[in-house]
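Student: Have a look at this one before I ask anything.
The values are calculated or read from the model by the stated rules, or taken from the named source; none is laboratory data. These numbers come from a predicted model, not from an experiment. Virtual Cβ from ideal backbone geometry, glycine too; neighbours counted across all protein chains shown.
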Amino acid sequence: MTMLHTVNKSPFERNALDSCMSMANKGSKILLIEDAVVGAVDKNTHAEKIKGAMSDYTFYVLGPDLQARGIDEGNVIDGVNVVDYAGYVDLVAETDNVQSWL
Amino acid sequence: MGTITVDGKDYEVDEEGYLVNLNEWVPAMAEIMAKDEDCTLTDAHWEVINFLREYYDEYQIAPAVRVLTKAIGKKLGADKGNSKYLYELFPYGPAKQACKYAGLPKPTGCV
Amino acid sequence: MAEPWEEDEGPVKKFMFVNRKAPYGTIYALESLEVVLISAAFDQDVSLVFVDDGVYQLKKGQTTDGIGMKNFSPTYRALEGYDIEKLYVSKESLEERGLSEDDLLVDVQVMSKSEIADLMDDQDVVLSF
């Protein structure tokens, strides 16, 4: 079984990403949406968490939410995949179920 | 919103006739609500109404009909813990109708 | 005579409700509880997880008079009557908050996050609160 975990809170504000990573099994996909996209910026103080977990999870970030916050895709951590809404739908469709870390 | 008058005093009820503030409930209210629906309350009705009030007091919800049926069976015996018996007493639905008379909100999930 | 809800109603799916918020500050805990109660009508395989601040939903001694809100914690004790008996609580989340199983108002299974994660992986539907 492969799970998709979505996180929608900024790591600067809430522990949703930490909680997610403390529970998600290896091989899971983690998608950052809404305010959580700020955590996908390279060199932010939470970036090391994501970089350190790349071998366990595949990370995604929602492009429209980056754009809405003025974040250039070029500043996203290497290895984090930027997806659009259609890509979001694909992730939901290709995984067995979804847990939202609100 | 409407009101129900019991012994000259008005109590607020919702659009379906359920008492808004369950602490205001008095037994005479059940009699008046029942009369409105052409139902005469017997000891058997009161057994269920009192059971519901105790259940609410303990769990803070009105039970779903299957939970009520099972719990009644456990407390009052299998001859009473079945839909047939309860629907004969409360033809509009045991949970719905009896809860109303008991001054409780409509059971969660009951449409 | 069989009651209508005792008849076979087709396939049973596994539904997991994940509760991560303390009660009262937000509506999540109460909303989750209401959906759980409604879901009981559908005879599915329902489990509840309490993790992070969600463990406070099951804390004994909740007294809400001072905040003018309804104390819905007694309702967790009604779940057994609704045949909902799979309550899983994160050991780590309890420990981080200085709580233990004795602080909880219902019988639960305390397990590690990795054990809960495996159960989560095995669900048909995960509902997040």
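Student: Can you name the number of the only condition in (1) closer than 23 Å to B:Val65 by Cβ; (2) in contact with a strand residue (DSSP E or B) (Cβ under 8 Å, 6 or more places away or on another chain); (3) surrounded by fewer than 21 Cβ atoms within 10 Å (Cβ to Cβ); (4) not β-branched (Val, Ile, Thr) that C:Tyr88 fails?
Tutor: So C:Tyr88 meets the others, but not (1).
Student: Continuing with the same structure: Cβ contacts < 9 Å: first residue within 15 Å of B:Glu16 (Cα to Cα), restricted to the stretch B:30-42; second residue in a loop (DSSP other than H, G, I, E, B) and hydrophobic (A, V, I, L, M, F, W, C), any location; separation 6+ or different chain. Result?
Tutor: Partner pairs satisfying both residue conditions: B:Ala30/B:Leu41; B:Ala30/B:Ala102; B:Met33/B:Cys39; B:Ala34/B:Leu41.
Student: For A:Asn8, all conditions in the list (1) among the polar types (S, T, N, Q); (2) touching a helix residue (DSSP H, G or I) at 6+ places or on another chain (Cβ under 6 Å); (3) surrounded by fewer than 15 Cβ atoms within 10 Å (Cβ to Cβ) hold save one; what is the number of the exception?
Tutor: (3)
Student: Which condition number in (1) within 11 Å of the chain's Cα centre (by Cα); (2) over 21 Å from C:Lys113 (Cα atoms); (3) away from chain C (no Cβ under 14 Å) is the one that A:Phe12 fails?
Tutor: With (1) within 11 Å of the chain's Cα centre (by Cα); (2) over 21 Å from C:Lys113 (Cα atoms); (3) away from chain C (no Cβ under 14 Å) applied to A:Phe12, the lone miss is (1).
Student: Moving on to the next point. Answer yes or no: is there a residue in the stretch C:26-46 that is touching a helix residue (DSSP H, G or I) at 6+ places or on another chain (Cβ under 6 Å), without any contact (Cβ under 8 Å) to a residue 40 or more places away in the chain and either of a type in the set (Gly, Ala, Ser) or not in a loop (DSSP other than H, G, I, E, B) (or both).
Tutor: Within the stretch C:26-46, not a single residue is touching a helix residue (DSSP H, G or I) at 6+ places or on another chain (Cβ under 6 Å), without any contact (Cβ under 8 Å) to a residue 40 or more places away in the chain and either of a type in the set (Gly, Ala, Ser) or not in a loop (DSSP other than H, G, I, E, B) (or both).
Student: Hey, another quick one. In the stretch C:85-117, what count of residues is obtained for those that are in contact with a Ser or Thr (Cβ under 8 Å, 6 or more places away or on another chain) and either in a helix (DSSP H, G or I) or within 14 Å of chain B (Cβ to nearest Cβ) (or both)?
Tutor: Residues meeting the conditions: 6.
Student: Now for a separate question. Condition first: surrounded by fewer than 21 Cβ atoms within 10 Å (Cβ to Cβ) and under 11 Å from the mean Cα position of the chain (by Cα). Now tell me which residues in the stretch A:21-40 satisfy that.
Tutor: A:Met21, A:Lys29, A:Ile33, A:Glu34, A:Asp35, A:Val38
Student: A follow-up question, please. Condition first: among the hydroxyl-bearing types (Ser, Thr, Tyr) and outside any helix (DSSP H, G or I). Now tell me which residues in the stretch B:96-111 satisfy that.
Tutor: Selection gives B:Thr108 alone.
Student: While we're on this one: I need a count of the residues in the stretch B:58-95 that are without any contact (Cβ under 8 Å) to a residue 24 or more places away in the chain and part of a helix (DSSP H, G or I).
Tutor: 13
Student: Please state which one of C:Thr75, C:Thr64 is at pLDDT below 95, of a type in the set (Val, Ile, Thr), surrounded by 13 or more Cβ atoms within 10 Å (Cβ to Cβ) and under 22 Å from B:Tyr56 (Cβ atoms).
Tutor: One residue alone meets the criteria, C:Thr64.
Student: Across the stretch C:63-80, what is the number of residues that are within 14 Å of chain B (Cβ to nearest Cβ), farther than 18 Å from C:Phe17 by Cα and assigned to a helix (DSSP H, G or I)?
Tutor: 2
Student: If you scan the stretch B:1-54, which residues turn out to be over 21 Å from B:Glu88 (Cα atoms) and among the β-branched types (Val, Ile, Thr)?
Tutor: B:Thr3, B:Ile4, B:Thr5, B:Val6, B:Val13, B:Val20, B:Val26
For every residue, the table says whether it meets (1) part of a helix (DSSP H, G or I); (2) surrounded by 14 or more Cβ atoms within 10 Å (Cβ to Cβ); (3) among the charged types (D, E, K, R).
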| residue | (1), (2), (3) |
| --- | --- |
| B:Ile4 | no, yes, no |
| B:Ala34 | yes, yes, no |
| B:Asp38 | no, no, yes |
| B:Leu41 | no, yes, no |
| B:His45 | yes, yes, no |
| B:Tyr55 | yes, yes, no |
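Student: Taking the stretch C:48-62 only, how many residues are closer than 15 Å to C:Asp107 by Cβ and in a loop (DSSP other than H, G, I, E, B)?
Tutor: Final tally of qualifying residues: 1.
Student: Scan the stretch B:43-65 for residues that are within 14 Å of chain C (Cβ to nearest Cβ) and of a type in the set (Val, Ile, Thr) and jot them down.
Tutor: Correct list: B:Ile61, B:Val65.
Student: What is the residue count in the stretch A:54-101 for residues that are within 14 Å of chain C (Cβ to nearest Cβ) and surrounded by 18 or more Cβ atoms within 10 Å (Cβ to Cβ)?
Tutor: So the answer is 5.
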